[in-house]
Amino acid sequence: MIPHFPVLSRVLHWLMAVLILAMLFVGVAMVSSLSDYHRLVAIHKPIGILILVLAAIRLVNRLVNPPPPLPTGMPVSLRVVAAASHWLLYGLMFAQPIVGWAMLSAAGYPVALIGTFHLPPILPHDAALYALMRPLHTVLAFALFATFLLHLAAALTHAFVFRDDVFRSMTH
Amino acid sequence: MPNTSPSSPDARYSLAALLEPASLAKLGAIGAIVLALIVLFLWTGGWLTSGRLTQTRLIDTFEDVNGPHPGFRRNHAKGVCLAGTFESNGDGTQFSTASAFKPGRVPVSGRFALAGGMPMRPDKPTAVRSMALSFALADGETWRTAMNDIPVFPVRDPQAFYGQLLSSRRDPRTGKPDPIAKKAFLAAHPETARAMATIRAHPFSSGFANATYNALNAFLLVDAAGRTTPVRWSMRPVDAFAPEPSNPPADKNYLFDELIARIAKAPAQWHLILTIGQPGDPTNDATLPWPTDRQQVNAGTLSVDRIVAEAESNCRDISFDPLTLPAGIEPSDDPLLSARSAAYSVSFSRRAGEPKTPSAVQVPQGR
């Protein structure tokens, strides 16, 4: 038996899992919908910033509450893939909202969240910078979705095929 | 228990264990879950439903109808930038908490333009003119609005807008829009035929500075108690109305050149008029005018004191998204609002990355 993740780690994990998957779907729905575009944009921005804040809390939490070790019998190759995919997920959880924020800044859009609350721009108003950031935001979304699916497939494989404690450590 | 030493991996992680029929069946089921999510994602993004009208398709159609004009807006392509000040008199605060309506002055930037996707087209007296504004409010809030000098909009939803765009496509054989397609569109859209009659009955002014610009779409004002009031706003000129000339000057930029000369003399001013809707006034149909007896509130005065040519980081590189609203102003149920917001965003993303050529309208030195 390997120990479980602490409660705070588990809460953050599942909350972010739901938010990130929802955001990916909101994102693709938004850019292809004329009638719901404004409603989806209005939730996309504050939830994106919420994910950024939660990612920061989670990174600090990870340093304070390190994750339990992987089962001792797991081969090195799987350990490397697990570690790489986790750090890739962390990287994308930070990069995607920051690029979104940067993209709005470069476009000269106000980074409006809720009511009169706004974030300051993090890039100067510059169409050429926006032209770099906008496609990057799309590429990162696909990368995040692919990494999310890989992570999901790996978790389910631990739960049902390997039948080790890895999946349980995040659910119980 | 199998051996759990890291140097000799647990047999359950071996390839042989994964290739057992029971494992393969489970891996297949996991693969199916992943595939289902991919399909759902693609469907949500519209990749599996090619017939849907999306913002991408709408802007593609603009490019198709007008030809490629890289670096320019796909609509309202010919324009010039403005700068000025809005001085609020406080009268709007009875309906809305938006800081734009509190007494005081805020800087405004914006753009005068002609409707249509041709950035080099010659000015003509009956060209629809637009005024787009971006109010830089307190605490980083922004209010953007894009208005036209027509009394109502010709279509009421994005599908009709798309249909009208298609019916105005030039026939490659005649070089002109197909009259049968236009007739068919109007027959299917009596609201457009009515709106066109309203637009034709309303004379165009002689220039940019004496035109009334209407937001056309309805919005909701929200007061401190959370009460919402439907509103349509306009910029009404202080310059006296003069009708469109019957013999317009030959200069192909005459409307813009007159504007530049006018503002070089003194700032041009407009009153921000809030027309207050009554219950039952249509908020979801921009083809219908509101009754003329509705309360009108003069919320303040816009002074435009400077005109500059489009250039890097000025109005050229701004999207005048009509849903960039401050707290205290909300979208109505007008389906055009969300569609405009979405389409402007695609147009902006495309032109941002394209090579730029100077705009047709340049402002002489010393002005």
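The values are calculated or read from the model by the stated rules, or taken from the named source; none is laboratory data. Because the structure is a prediction, the values reported are computed rather than measured. Quick reminder, even Gly has a Cβ in these numbers, built from the backbone with ideal geometry, and neighbours come from all protein chains shown. Accessible surface is based on the protein model in full, side chains and every heavy atom, while ligands, DNA and RNA are left aside. Shrake-Rupley method; radii C 1.70, N 1.55, O 1.52, S 1.80 Å.
Couple of notes before you dig in:
- Hey, B:Ser303 open to solvent by 20 Å² or more (accessible area, probe 1.4 Å), within 26 Å of B:Ile263 (Cα to Cα), in contact with a Pro (Cβ under 9 Å, 6 or more places away or on another chain) and within 14 Å of chain A (Cβ to nearest Cβ) or not: no
- Of the residues screened, B:Glu354 is not one that is touching a Cys at 6+ places or on another chain (Cβ under 9 Å), at pLDDT 95 or above and part of a loop (DSSP other than H, G, I, E, B).
- A count restricted to region B:58-75 and to residues that are more than 16 Å from B:Met120 (Cα to Cα), touching a residue at least 60 places away in the same chain (Cβ under 8 Å) and open to solvent by 20 Å² or more (accessible area, probe 1.4 Å) stands at 1.
- Considering region A:48-72, the residues that are of a type in the set (Val, Ile, Thr), in a helix (DSSP H, G or I) and open to solvent by 50 Å² or more (accessible area, probe 1.4 Å) include one that is farthest from the other protein chains (Cβ to nearest Cβ), namely A:Val60.
- Enumeration of residues in region A:1-44 that are among the small types (Gly, Ala, Ser) and in a helix (DSSP H, G or I): A:Ser9, A:Ala17, A:Ala22, A:Gly27, A:Ala29, A:Ala42
- B:Asp285 under 26 Å from A:Tyr37 (Cα atoms), among the charged types (D, E, K, R) and touching a Phe, Trp or Tyr at 6+ places or on another chain (Cβ under 8 Å): no
- Of A:Phe160, A:Phe145, all but one fail to be among the hydrophobic types (A, V, I, L, M, F, W, C), within 8 Å of chain B (Cβ to nearest Cβ) and touching a Phe, Trp or Tyr at 6+ places or on another chain (Cβ under 8 Å); the exception is A:Phe145.
- All told, A:His151 falls short of being more than 30 Å from B:Leu18 (Cα to Cα) and either facing chain B (nearest Cβ under 8 Å) or touching a residue at least 12 places away in the same chain (Cβ under 8 Å) (or both).
- The helices (runs of 4 or more DSSP H) found entirely in region B:1-71 that carry 2 or more residues being more than 11 Å from chain A (Cβ to nearest Cβ) are B:21-44, B:55-66.
- As for region A:125-144, it holds at least one residue that is at pLDDT 95 or above, of a type outside the set (D, E, K, R) and outside any helix (DSSP H, G or I).
- Candidates B:Ser338, B:Ser349, filtered to the one that is within 11 Å of chain A (Cβ to nearest Cβ) and either open to solvent by less than 10 Å² (accessible area, probe 1.4 Å) or at pLDDT below 95 (or both): B:Ser338
- Region A:128-172, subset over 21 Å from A:Pro3 (Cβ atoms) and among the aromatic types (Phe, Trp, Tyr), residue surrounded by the most Cβ atoms within 10 Å (Cβ to Cβ): A:Tyr130
- Residue match in region B:220-236 (condition: of a type in the set (Val, Ile, Thr) and assigned to a loop (DSSP other than H, G, I, E, B)): no
- Candidates A:Phe160, A:Phe142 - the one that is of a type in the set (Phe, Trp, Tyr) and under 28 Å from B:Arg351 (Cα atoms): A:Phe142
- Identity of the residue in region A:11-40, more than 15 Å from the chain's Cα centre (by Cα) and open to solvent by 30 Å² or more (accessible area, probe 1.4 Å), that ends up nearest to A:Leu54 (Cα to Cα): A:Leu40
- Residue within region B:291-303 that is part of a loop (DSSP other than H, G, I, E, B) and touching a Phe, Trp or Tyr at 6+ places or on another chain (Cβ under 9 Å) present: no
- If you go through region B:118-167 and keep only what is over 20 Å from the mean Cα position of the chain (by Cα) and among the hydroxyl-bearing types (Ser, Thr, Tyr), you end up with B:Thr126, B:Ser167.
Yes or no, residue by residue, for (1) in contact with a strand residue (DSSP E or B) (Cβ under 8 Å, 6 or more places away or on another chain); (2) more than 29 Å from B:Pro358 (Cβ to Cβ); (3) small (Gly, Ala, Ser):
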position: B:Ala201; (1), (2), (3): no, yes, yes
position: B:Asn217; (1), (2), (3): yes, yes, no
position: B:Val238; (1), (2), (3): yes, yes, no
position: B:Lys252; (1), (2), (3): no, no, no
position: B:Glu258; (1), (2), (3): no, no, no
position: B:Ala286; (1), (2), (3): no, yes, yes
position: B:Ile307; (1), (2), (3): yes, no, no
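- Of all residues in region B:208-220, those being more than 15 Å from the chain's Cα centre (by Cα) and either at positive phi or surrounded by fewer than 24 Cβ atoms within 10 Å (Cβ to Cβ) (or both) number 4.
- Within region B:313-329, not a single residue is open to solvent by 60 Å² or more (accessible area, probe 1.4 Å), over 19 Å from B:Ser130 (Cβ atoms) and not aliphatic (A, V, I, L, M).
- Residue, most open to solvent (accessible area, probe 1.4 Å), within region B:131-152, restricted to residues that are touching a helix residue (DSSP H, G or I) at 6+ places or on another chain (Cβ under 7 Å) and farther than 30 Å from A:Leu119 by Cβ: B:Pro151
Residues are listed down the side, and each one gets a yes or a no for (1) at the interface with chain B (Cβ under 9 Å from one of its Cβ atoms); (2) open to solvent by 50 Å² or more (accessible area, probe 1.4 Å); (3) of a type in the set (Asp, Glu):
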position	(1), (2), (3)
A:Met74	yes, no, no
A:Ser85	no, no, no
A:Leu88	no, yes, no
A:Ala95	no, no, no
A:Ile98	no, yes, no
A:Ala106	yes, no, no
A:Asp126	yes, no, yes
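- Condition met for B:Gly84 (of a type outside the set (A, V, I, L, M) and open to solvent by 30 Å² or more (accessible area, probe 1.4 Å)): no
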